[in-house]
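Peer 1: Got a structure for you, questions after.
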Amino acid sequence: MSDGPATLVATTARPSRIASVIREVLSRPSGFIGLFLVIAHVLLALFSPFFAPFDFKAMNANAILSPPDATHWLGTDQLGRDILTRTIMGGRQAILVTAIATPLAVAWGGLLGIYLGLAGGRLDDILMRVVDAFLALPWILKMLLMIVTFGTGIGVLIPTLAFFYGIPVIRIARAATQNIVARDFVLAARARGHSRVSIMRRELFGNVRDALMVEGAMRWSWMLLAFTSLSFLGFGVSPPTPDWGLMIADSRNFMAIAPWPAFAPVIALSSLIIGINLTADALAKALGIDRAQAAVH
Amino acid sequence: MLRIFIHRLLLGIATVAIVSGIIFAAVEALPGDACTAILQRDASGERLANCRRELGLDRPAATRYAEWAFGAVRGDLGISAHNNKPIASLVGDRLKNTLLLAGCSLALGIPLALFLGVLTGLRRDKFSDLALSTIAIFAMTIPEFVTATVLIFVFSIWLGWVPGIVTASASSPLSAFFPGIVLPVIVLTMVMTAHIMRTVRSSVIDVMSSDYVQMASLKGVPYWHIVFRHALPNALLPAINVIALTVGWLLGGVVVVEKVFNYPGLGHYMIDSISDRDLPVVQAIALIVAAAYVGVNLAADLLAMAFNPRLRTLKARSP
């Protein structure tokens, strides 16, 4: 930063801040590795259909559970399908669904949380009881009830994940807002007679944004955990679409004779989730937010 | 103190009441009811109407909710649609098994987490902290079914040390679950330890850099005396609430772990009941889990207040 007058700094602060946050994330080993893993996974999800060596649903009766060799680099599964192909395509559904649902969850949970933190009163009391009630139910029960009622298509999973994973965001945004509503610049805006919407937009949003960004990164990893767990249990992606959770579930039956079908999806899924969390961790440190304060799931 | 206690208790009861309403409404919205589950393919016309009249399903939803809620308060959770047995005993067996699983994990995980949390907090940014904190991120974010699958492969199939699956039935005596319980306990302990450890770590760092600890240090109080007498009593307080959240998660979120290891607990039963459309059982389990979550968190709040007088006067909001 230069030592120029304050007005100059203020006009250039916005673009340079984003750049400096990214630079700071990349300067940490965890941030660099994490961001690399996430970007690699997203690119793979986007472009894997173009260079997958086999058709993901092509079965080969002559190569059932065959170990890795020159043709099938990672071997084949119990139906003779190529595991390399299915692994590089196995994250597409999960990444697509969660990458859409996460911003939705952060947006609605964040907006409602900021509003409740600012407005307070009877509405706040009542809605926070409802939020507590939802948080008292295990995520898997909520998800399964929705899936049993409406099915497992992307059209159901995206809004369902966005809804349930937005609820804890309300809490985070509300708490972050309550920390700053008593500060002078908010009081000044109130004294000037600004409306609540204007205060939210001009005074609060910029101050809560950092907390919401870190929260969003963590929600993303938890959504992935939920999505793949549901697939693993047989309530998510339906065969023959390749999916890591489903592949790991299938591989368990043959593990004693043929363990290799499990390796690739385990590594793929773990590396994505670890990548997201390393990035979230580096982001939290770059923005000066204590990540450990967040609640369990 | 008593006033706050009553206030918190009422809030907790209100939360459980709202949960019961949500559960009832959600189950009500599901396609099919207990009668379509009992009659299955014969569920049509006269027989369906008869069955609904017999079970009282033709009455308005509000009446049935009131009956269900008052029954639940008295410990009567209704009848399973799947095999006509009272739910209280079916759920009781599984609850006992889940409590065994959760109890073993907590007994192992809490001391481990406190130790590692204090260690990493005191050795902030040193190699041991960075290594353990990174492992903690792995442990708490990799899905349970992935960890479980890897552990089964290594310790059960490859090394052959412990069984990879629990074969005991729901009503077996507790001793029948050993040694099959070992791997599920390890999976749960890993996740739990990571969460608690991170909170303890950040709270230890907070307290160790506070003014009164600096003051003690400047006065020449020995380091370990500062740690154990001055810092830890304050630093470990936030752990109470995280442990409570973890216990709540253990009672409900062990679903995947129980399913992977075929462990006959509450979570496994919940999935089976949802698959079977055994709605009265789903309602009962959801209510028990939610009540346990609220109860444990209430207990943690009160415990934190007992240890920290400041919380009693600050009129702190529920966390």
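The values are calculated or read from the model by the stated rules, or taken from the named source; none is laboratory data. None of these values were measured; they are calculated from a predicted model. Quick reminder, even Gly has a Cβ in these numbers, built from the backbone with ideal geometry, and neighbours come from all protein chains shown. Heads up: the accessible areas ignore ligands, DNA and RNA and are worked out on the full protein's heavy atoms, side chains in. Shrake-Rupley method; radii C 1.70, N 1.55, O 1.52, S 1.80 Å.
Peer 1: How much accessible area is lost when chains B and A come together, counting both sides, with a 1.4 Å probe, in Å² rounded to the nearest 100?
Peer 2: Working: alone 17370 and 15490 Å², together 28410 Å².
What B and A bury together is about 4400 Å².
Peer 1: For chain B, with a Gaussian network of springs between Cα atoms less than 10 Å apart, report the residue from B:N97, B:N234, B:N297 with the top mean-square fluctuation.
Peer 2: B:N234
Peer 1: In peptide A:216-227, what is the residue-averaged number of other protein chain Cβ atoms found within 10 Å of each Cβ? Please list the in-between numbers first.
Peer 2: Values: counts 0, 0, 1, 0, 0, 5, 2, 0, 2, 8, 2, 1.
Whole-number average of other-chain Cβ neighbours for A:216-227 is 2.
Peer 1: Here's something else I'd like to know. Could you pull out every whole DSSP H run in chain A that spans at least 20 Å of Cα extent along its own axis and averages -0.5 or higher on the Kyte-Doolittle scale? Before the final figure, lay out the partial values.
Peer 2: Working: long enough: A:6-27 (29 Å, 0.60); A:29-51 (31 Å, 1.97); A:92-119 (40 Å, 1.45); A:121-135 (21 Å, 0.73); A:154-181 (38 Å, 1.33); A:205-233 (40 Å, 0.75); A:260-287 (41 Å, 1.39).
Span-like helices in chain A: A:6-27, A:29-51, A:92-119, A:121-135, A:154-181, A:205-233, A:260-287.
Peer 1: So between B:A62 and B:Y212, what do we pick up on full extension, going 0.36 nm a residue minus the alpha carbon distance?
Peer 2: 48.3 nm
Peer 1: Out of the total accessible area of the protein assembly as shown (probe 1.4 Å, heavy atoms of protein only), what percent is carbon and sulfur?
Peer 2: Numbers: 18800 of 28410 Å².
Of the solvent-accessible surface of the protein assembly as shown, carbon and sulfur hold 66 percent.
Peer 1: Here's a follow-up. If one computes P(r) from the Cα atoms of chain A, what percent of pairs lie at distances over 29 Å?
Peer 2: Working: 20048 of 43956 pairs.
Percentage above 29 Å: 46.
Peer 1: Give me the distance in nm between label points sitting 7 Å out from Cα along the Cα-to-Cβ direction at A:A188 and B:A29, one decimal.
Peer 2: Between A:A188 and B:A29, the label points sit 4.5 nm apart.
Peer 1: Sticking with this structure for a sec: FRET efficiency for B:F70 and B:K219, Cβ-Cβ distance as r, R0 = 60 Å, nearest 0.05?
Peer 2: Values: r = 62 Å, r/R0 = 1.03.
Step by step, r from the Cβ atoms, then E = 0.45.
Peer 1: Whole Å is fine, so just give me how far the alpha carbon centre of segment B:120-150 lies from that of segment B:181-206.
Peer 2: Measuring centre to centre over Cα atoms gives 9 Å.
Peer 1: Between A:R202 and B:L112, what FRET efficiency follows from the Cβ-Cβ distance if R0 is 51 Å, with the result rounded to 0.05? Could the numbers behind the result be given before it?
Peer 2: Values: r = 47 Å, r/R0 = 0.93.
Plugging the Cβ-Cβ distance into 1/(1 + (r/R0)^6) gives 0.60.
Peer 1: Have a look at segment B:97-276 and give its Rg and Dmax from the Cα atoms, expressed in angstrom.
Peer 2: For segment B:97-276, the Cα radius of gyration and maximum Cα-Cα distance read 19.2, 67 Å.
Peer 1: Taking 7 Å along the Cα-to-C-beta vector as the label spot, tell me the A:I18-B:I6 distance in nanometres, rounded to one decimal.
Peer 2: Taking the two extended label points, one gets 5.5 nm.
Peer 1: If you add up the charges near A:T76, with Lys and Arg at +1 and Asp and Glu at -1, over every other residue whose beta carbon is less than 10 angstrom from its beta carbon, what do you get?
Peer 2: On the way: positive: A:R81, A:R86; negative: A:D69, A:D77, A:D82.
That sum, taken over residues with Cβ under 10 Å, equals -1.
Peer 1: Filter chain B for me: DSSP H helices, axial length by Cα at least 30 angstrom, mean Kyte-Doolittle hydropathy not below 0.5. List them by residue number.
Peer 2: On the way: long enough: B:2-29 (40 Å, 1.84); B:87-122 (49 Å, 1.49); B:182-208 (37 Å, 1.44); B:279-307 (42 Å, 1.93).
For chain B, where a helix must reach 30 Å along its axis and average at least 0.5, the hits are B:2-29, B:87-122, B:182-208, B:279-307.
Peer 1: Among the lysines, select those whose C-alpha is under 30 Å from the C-alpha of A:K57, and discard any that sit fewer than 8 residues away in the same chain.
Peer 2: The qualifying lysines are B:K259.
Peer 1: Let me ask something else. Compute the relative contact order of chain B as a whole-number percentage, counting only Cα pairs closer than 8 Å that sit 6 or more residues apart in sequence. Present the calculation step by step, with values, prior to reporting the outcome.
Peer 2: Details: 353 pairs, mean separation 81.3, N = 319.
This gives 25 percent for chain B.
Peer 1: If you stretched the chain out fully between B:N308 and B:V154, how much longer would it get, using 0.36 nm times the residue separation minus the C-alpha to C-alpha distance? All intermediate terms of the calculation are to be shown ahead of the outcome.
Peer 2: Numbers: separation 154, 0.36 × 154 = 55.44 nm, distance 4.51 nm.
Length gained, B:N308 through B:V154: 50.9 nm.
Peer 1: What net charge is computed for the residues neighbouring B:L236, neighbours being all others with C-beta under 15 Å from the C-beta of B:L236, Lys and Arg scored +1, Asp and Glu -1? Numbers along the way, then the final one.
Peer 2: Working: positive: B:R198, B:R201, B:R229; negative: B:D206.
For residues surrounding B:L236, the net value is +2.
Peer 1: In whole Å, how far is the Cα centre of segment B:208-249 from that of segment A:21-62?
Peer 2: 42
Peer 1: List the residues of segment B:117-143 that lose 30 Å² or more of accessible area once all protein chains are present, compared with their chain alone (1.4 Å probe, heavy atoms only, no ligands or nucleic acids).
Peer 2: Correct list: B:I137, B:F138, B:M140, B:T141, B:I142, B:P143.
Peer 1: Using a 1.4 Å probe, what is the accessible area per residue for chain A, in Å²? Spell out each step's value before the answer.
Peer 2: Working: 13270 Å² over 297 residues.
Accessible area per residue: 45 Å².
Peer 1: Another one. Quick check: net charge around B:E67, other residues with Cβ under 14 Å of its Cβ, Lys/Arg +1 and Asp/Glu -1?
Peer 2: Working: positive: B:R59, B:R64, B:R74; negative: B:E28, B:D58, B:D76.
That sum, taken over residues with Cβ under 14 Å, equals 0.
Peer 1: Report the full-extension gain for the segment B:E54 to B:L237: residue separation times 0.36 nm, less the Cα-Cα distance, to one decimal in nm.
Peer 2: Details: separation 183, 0.36 × 183 = 65.88 nm, distance 5.35 nm.
Taking B:E54 through B:L237 to full extension adds about 60.5 nm, to one decimal.
Peer 1: If you don't mind, there's one more thing I want to ask. Cross-link candidates for A:K285: which aspartates and glutamates have Cα within less than 17 Å, leaving aside residues fewer than 8 places away along the same chain?
Peer 2: Leaving aside aspartates and glutamates fewer than 8 places away in the same chain, those within reach of A:K285 are A:E24, A:D210, A:E215, B:D125, B:D129, B:D206.
Peer 1: Consider all pairwise Cα distances in the protein assembly as shown and report the whole-number % of them above 32 Å. Present the calculation step by step, with values, prior to reporting the outcome.
Peer 2: Values: 100989 of 189420 pairs.
The calculated P(r) of the protein assembly as shown puts 53 percent of pairs beyond 32 Å.
Peer 1: Below 8 Å, C-alpha to C-alpha, sequence gap of six or more: please give me the relative contact order for segment B:97-276 in percent.
Peer 2: Working: 209 pairs, mean separation 58.3, N = 180.
Reported as a whole number, the value is 32 percent.
Peer 1: To the nearest 0.05, how large is the calculated FRET efficiency for A:R122 and B:V162 if R₀ is 45 Å and r is the Cβ-Cβ distance?
Peer 2: Details: r = 55 Å, r/R0 = 1.22.
Efficiency for this residue pair is about 0.25.
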